[in-house]
Amino acid sequence: MSARDAILGRLRTNRPAGEFPLPDVPTFAPLVGGDLVAEFAERLGKMGGRVEQAGGADPFATVRSRLDGAQVIASAVPEFVGNRDLGAVRKPGDLADVDVAVVRARFGVAETGSVLFTEGDLIVNSVAYLAQHLIVLLDPADIVVNIQAAYKRPDFAHAAYAVFHTGPSATADIEGVLIHGAQGVRSLTVLLLQRKKQAA
Amino acid sequence: MSADDLTPRQTGDMLHREVRAPSDESERGPGGERLQHAEAASKPIRADAPREPQPRGAKVRGNRPIDQAEAAERFLAAPLHQKAHDERLWDVRRKRDVAAHGIPEWEELRELASQIKTHTLTHLDRYLEQFEAAARANGVQVHWAEDGAAHNRIVLDILQKHGAKSLVKSKSMLTEECGFRHFMAAHDIEIIETDLGERIQQLDDEEPSHVVMPAVHKTRIDVAEVFARTLGTDPDNDDAHYLAESQRETTRPLILKADAGLTGCNFAIAETGTVVTCTNEGNADLSGNVPPLQIHSIGIEKLIPRVEHLGVFIRLLSRSALGSPITQYTSHFRGPRPGTEMHMVLVDNGRSERLGMEEFWTSLKCIRCGACMNTCPVYRRSGGLSYGATYSGPIGLIIDPTFNKRKYSTLPFSSTMNGSCTNVCPVKINIHEQIFAWRKVLAEEHQIPLLKQGMMKAAGAVLSRPAAYRAAIQTADSALRVLPRFAVYNPANTWGKKREMPHAPHQSFHAWYRQNRMKKGSDA
């Protein structure tokens, strides 16, 4: 007998007696106020990230110092031209020298300050972890109220890879001292910038 | 202070220019406030100098019963470690309370989580078949392992087919259960742990002492010693930033050149064939997204039916574990990257047998948050390694004996039965009741050591006869006054250490009632 059949057989034999129906999950009332952008920003701040407004003449004015200090910038968005072409990356590890990655979040979550990326948003998944710093473009209209609402989005059924980032990589494994940049990015900055309208 | 304002640190080439100076402590938010997310302590918990050797875990001798009390005694004899450990975990427990109280529907979420898990476990054959079909449709290669040895052989086979010699992995209690690292070392495969705490433990050749914070029993001085010995860091520099950065800089080249990556699994979604991992470091995402070969090891009890159920579990997990609203990364792996292979290994290793244990099967609901460990007075004062088993603390007491009744026969006695573990469990496992049930099972099967049998018999004889109990109390005012030094503080009773029993009242309630209420009653 295969391991599969043996395991499934034991699960059937050992099934506990009784009815154990799957409960309906009610829609819980949001724990955040009506200003989703403010709620998102406050919560992301508590998780070690930060939120910046887009500038008028230069949308990237508020993160310009970060960008100017970088030697290698990988951009996955049309709004910013970097100097490392993500479309030409041969293997994921080649992005280890990226100083700043600029990516766009599919949506944000006000309850936790999270942003979601899929493989389509990142072009190369590893860039969101190997870069030293992450700049995330987020359309304020793309913020959902809470995690429950987030999981009703279709992205999770379709994407090969989907990930919530809530602040930068962090650890406190040594005596509880919080450190950003444990293995992944040292900082995560969300830049509130509307999506460019798709050409009809 | 933000990362922008950092003064570059001048300590040679190894460290990144943005690592802050040794005097700095935890990260700050934009307003200068001390941040509290991830495993962060709410206040500095710095073990005092001078140096104190780290107490080591239980002595494991083959199949012989683990002497948890002996290891606990050595932990207690290291007061700096004991105090730092106790304070650190109690701090996490308090953060958990604050996070839980911030959600009005917390109790409803616990009940829902419990019911979803109970339902899934009682229909697990169906959900596993659904998961397998979905994963295959996603282009994933699915494997089934009856036990830990089979898991290790399957992974080795995958690695050998690809000529892979090195593997980076994220923390996974399942692979600890399987003895994965030791097996792979014997087959000349280099395994690199990428969670900082787990990496510390790997370099020190120790098991993780906690399911979420593997090196929580170590002080920074211990870590400095381990890293000096294994990574060549400055032995006199115990700055946490320096130590963490040294680990990052030495691990990253290993991640970049690894032939394969492996993660564990927090939740597996039957409807979509998705593996979900929750980490603070992003190391599961590095393991899954950098090497050309990707493997996910899944305990079969990790299944949940649908994506929408994550809306319940994700809200519970990190709040219960660390008091943080969510982990920094919540990652959903569903299909392979173009040009690479993704493998998923479904591992039983005793779970299907446990499902048939009437009193113990609901322990399979566990989502490995560690809340029961943080709240447990025995765990906090004895350290996770004192249990000599993969799973420590209250959840360990009820899971470990299912793996080996003889070896872990003493563990269910390492409990005060205060029930706090049950109260904080996000999936409502009746942990303390199962601990008690295990004591009965082990007694009936004669797995209890003679000393504990004697203590239980003596206690049972007194407690089961109210008249004898009252007589015992009357003769010396209080049971606590006669029993303490003998029964409460004897070496077999680990949790009596470092805790003074409350002063017994001069008059027992029973005597007081007789003297006052009954007399008053007769006066009236």
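Please tell me if residue B:283 is polar (S, T, N, Q) and buried (at least 24 other Cβ atoms within 10 Å of the Cβ). Before you say what the answer is, go through the steps one by one.
Numbers: polar (S, T, N, Q): yes; buried (at least 24 other Cβ atoms within 10 Å of the Cβ): yes.
Here the answer is yes, as residue B:283 does meet what is asked.
From the list A:200, A:160, pick out the single residue that is modelled with pLDDT under 95 and surrounded by fewer than 24 Cβ atoms within 10 Å (Cβ to Cβ).
Working: A:160 fails: modelled with pLDDT under 95.
That would be A:200, the only listed residue that is modelled with pLDDT under 95 and surrounded by fewer than 24 Cβ atoms within 10 Å (Cβ to Cβ).
Consider only pairs whose beta carbons are under 8 Å apart and that are at least six residues apart or on different chains; among these, list those whose first residue lies in the stretch A:55-72 and is more than 14 Å from chain B (Cβ to nearest Cβ) and more than 16 Å from residue A:98 (Cα to Cα) and whose second residue is not in a loop (DSSP other than H, G, I, E, B) and not β-branched (Val, Ile, Thr).
A:55/A:61; A:58/A:64; A:59/A:191; A:60/A:67; A:60/A:191
Confirm whether residue A:129 is over 30 Å from residue B:89 (Cα atoms) and facing chain B (nearest Cβ under 7 Å).
Working: over 30 Å from residue B:89 (Cα atoms): no; facing chain B (nearest Cβ under 7 Å): yes.
It is false that residue A:129 is over 30 Å from residue B:89 (Cα atoms) and facing chain B (nearest Cβ under 7 Å).
On the given criteria, is residue A:170 closer than 26 Å to residue B:255 by Cβ and at the interface with chain B (Cβ under 7 Å from one of its Cβ atoms)?
Values: closer than 26 Å to residue B:255 by Cβ: yes; at the interface with chain B (Cβ under 7 Å from one of its Cβ atoms): yes.
Taking the combined requirement at face value, the residue satisfies it.
If you scan the stretch A:18-42, which residues turn out to be farther than 21 Å from residue A:152 by Cα and of a type in the set (Gly, Ala, Ser)?
A:18, A:38, A:41
Of all residues being buried (at least 23 other Cβ atoms within 10 Å of the Cβ) and in contact with an Asp or Glu (Cβ under 8 Å, 6 or more places away or on another chain) in the stretch B:398-433, which is farthest from residue B:360 (Cα to Cα)? Just the residue, please.
B:410
Take the residues in the stretch B:162-190 that are touching a strand residue (DSSP E or B) at 6+ places or on another chain (Cβ under 8 Å) and free of Cβ contacts under 8 Å to residues at least 24 places away in the same chain, then tell me which one is surrounded by the most Cβ atoms within 10 Å (Cβ to Cβ).
B:181
Could you tell me whether residue A:12 is charged (D, E, K, R) and surrounded by 18 or more Cβ atoms within 10 Å (Cβ to Cβ)?
Values: charged (D, E, K, R): yes; surrounded by 18 or more Cβ atoms within 10 Å (Cβ to Cβ): no.
No: the conditions fail for residue A:12.
Scanning the stretch B:232-280 for residues that are within 12 Å of chain A (Cβ to nearest Cβ) and of a type in the set (Gly, Ala, Ser), which turns out surrounded by the most Cβ atoms within 10 Å (Cβ to Cβ)?
B:261
Considering only the stretch B:442-452, how many residues are surrounded by fewer than 18 Cβ atoms within 10 Å (Cβ to Cβ) and on the phi < 0 side of the Ramachandran plot? Give the derivation first.
Within the stretch B:442-452, the first condition is being surrounded by fewer than 18 Cβ atoms within 10 Å (Cβ to Cβ), and the residues that meet it are B:443-446, B:449-451.
This time we only want the ones that are on the phi < 0 side of the Ramachandran plot, so: B:443-445, B:449-451.
Selection size over the stretch B:442-452: 6.
Could you tell me which numbered condition residue B:329 fails, if it satisfies all but one of (1) surrounded by fewer than 24 Cβ atoms within 10 Å (Cβ to Cβ); (2) in contact with a Cys (Cβ under 8 Å, 6 or more places away or on another chain)?
(1)
Kindly indicate whether any position in the stretch B:144-157 is assigned to a loop (DSSP other than H, G, I, E, B) and under 19 Å from the mean Cα position of the chain (by Cα). Talk me through it step by step, then tell me what you get.
Let us first name the residues in the stretch B:144-157 that are assigned to a loop (DSSP other than H, G, I, E, B), namely B:146-147.
With under 19 Å from the mean Cα position of the chain (by Cα) added as a condition, the list becomes none.
Scanning the stretch B:144-157, I find no residue that is assigned to a loop (DSSP other than H, G, I, E, B) and under 19 Å from the mean Cα position of the chain (by Cα), so the answer is no.
Which of the residues that make up the stretch A:181-200 are closer than 30 Å to residue B:215 by Cα and either without any contact (Cβ under 8 Å) to a residue 60 or more places away in the chain or in a loop (DSSP other than H, G, I, E, B) (or both)?
Of everything in the stretch A:181-200, those that are closer than 30 Å to residue B:215 by Cα and either without any contact (Cβ under 8 Å) to a residue 60 or more places away in the chain or in a loop (DSSP other than H, G, I, E, B) (or both) turn out to be A:181, A:182, A:183, A:184, A:185, A:186.
Which of the numbered conditions does residue B:358 fail, given that it passes all the others? Conditions: (1) touching a helix residue (DSSP H, G or I) at 6+ places or on another chain (Cβ under 8 Å); (2) outside the structural domain of residue B:261 (by TED's automatic domain parsing); (3) free of Cβ contacts under 8 Å to residues at least 40 places away in the same chain.
Going through the list (1) touching a helix residue (DSSP H, G or I) at 6+ places or on another chain (Cβ under 8 Å); (2) outside the structural domain of residue B:261 (by TED's automatic domain parsing); (3) free of Cβ contacts under 8 Å to residues at least 40 places away in the same chain, residue B:358 breaks only (1).
Go through B:348, B:400 for me and flag whichever is closer than 24 Å to residue B:85 by Cα and of a type in the set (Asp, Glu).
Going through B:348, B:400 in turn, just one is closer than 24 Å to residue B:85 by Cα and of a type in the set (Asp, Glu): B:400.
Which one of B:409, B:392 is out of contact with any Gly (no Cβ under 7 Å at 6 or more places or on another chain), among the polar types (S, T, N, Q) and not assigned by TED's automatic domain parsing to the domain that holds residue B:124?
Details: B:392 fails: out of contact with any Gly (no Cβ under 7 Å at 6 or more places or on another chain).
It is B:409.
Consider residue B:386 carefully, then state whether it is more than 29 Å from residue B:315 (Cβ to Cβ) and not in a loop (DSSP other than H, G, I, E, B). Walk me through how you get there before you give the answer.
Working: more than 29 Å from residue B:315 (Cβ to Cβ): yes; not in a loop (DSSP other than H, G, I, E, B): yes.
Yes; evaluated as a whole, the condition is true for this residue.
Search the stretch B:112-124 for residues that are facing chain A (nearest Cβ under 7 Å) and pair each with any residue that is hydroxyl-bearing (Ser, Thr, Tyr) when their beta-carbon atoms are under 9 Å apart and the residues are at least 6 apart or on different chains.
These pairs meet every condition: B:118/B:362; B:124/B:352.
Is it the case, given these coordinates, that residue B:229 is farther than 30 Å from residue B:397 by Cβ, facing chain A (nearest Cβ under 9 Å) and of a type in the set (D, E, K, R)? Step through it out loud before you land on a result.
On the way: farther than 30 Å from residue B:397 by Cβ: yes; facing chain A (nearest Cβ under 9 Å): no; of a type in the set (D, E, K, R): yes.
Here the answer is no, as residue B:229 does not meet what is asked.
Output the number of the condition that residue A:4 fails; it satisfies all remaining conditions of (1) assigned to a loop (DSSP other than H, G, I, E, B); (2) modelled with pLDDT of 95 or more.
Of everything listed in (1) assigned to a loop (DSSP other than H, G, I, E, B); (2) modelled with pLDDT of 95 or more, residue A:4 misses just condition (1).
Among the residues of the stretch B:320-333, write down those that are facing another protein chain (nearest Cβ under 7 Å) and either over 16 Å from residue B:284 (Cα atoms) or part of a helix (DSSP H, G or I) (or both).
Residue satisfying the conditions is B:325 alone.
Output the residues belonging to the stretch A:102-117 that are more than 28 Å from residue A:33 (Cβ to Cβ) and within 9 Å of chain B (Cβ to nearest Cβ).
none
Is it true that residue B:359 is modelled with pLDDT of 95 or more, more than 20 Å from the chain's Cα centre (by Cα), surrounded by fewer than 24 Cβ atoms within 10 Å (Cβ to Cβ) and assigned to a loop (DSSP other than H, G, I, E, B)? Can you show your working first?
Details: modelled with pLDDT of 95 or more: yes; more than 20 Å from the chain's Cα centre (by Cα): yes; surrounded by fewer than 24 Cβ atoms within 10 Å (Cβ to Cβ): yes; assigned to a loop (DSSP other than H, G, I, E, B): yes.
It is true that residue B:359 is modelled with pLDDT of 95 or more, more than 20 Å from the chain's Cα centre (by Cα), surrounded by fewer than 24 Cβ atoms within 10 Å (Cβ to Cβ) and assigned to a loop (DSSP other than H, G, I, E, B).
Which of the residues that make up the stretch B:282-319 are among the hydrophobic types (A, V, I, L, M, F, W, C) and more than 8 Å from chain A (Cβ to nearest Cβ)? Show your work before the answer.
The first filter runs over the stretch B:282-319 and keeps only residues among the hydrophobic types (A, V, I, L, M, F, W, C), leaving B:284, B:286, B:290, B:293, B:295, B:298, B:300, B:303-304, B:307, B:310, B:312-314, B:316-317.
Correct list: B:284, B:293, B:295, B:298, B:303, B:304, B:313, B:316, B:317.
The values are calculated or read from the model by the stated rules, or taken from the named source; none is laboratory data. Predicted model, so just to flag it, every value in this text is computed and none were measured. So basically every Cβ, Gly included, is an ideal-geometry build from the backbone, and we count neighbours across all protein chains shown.
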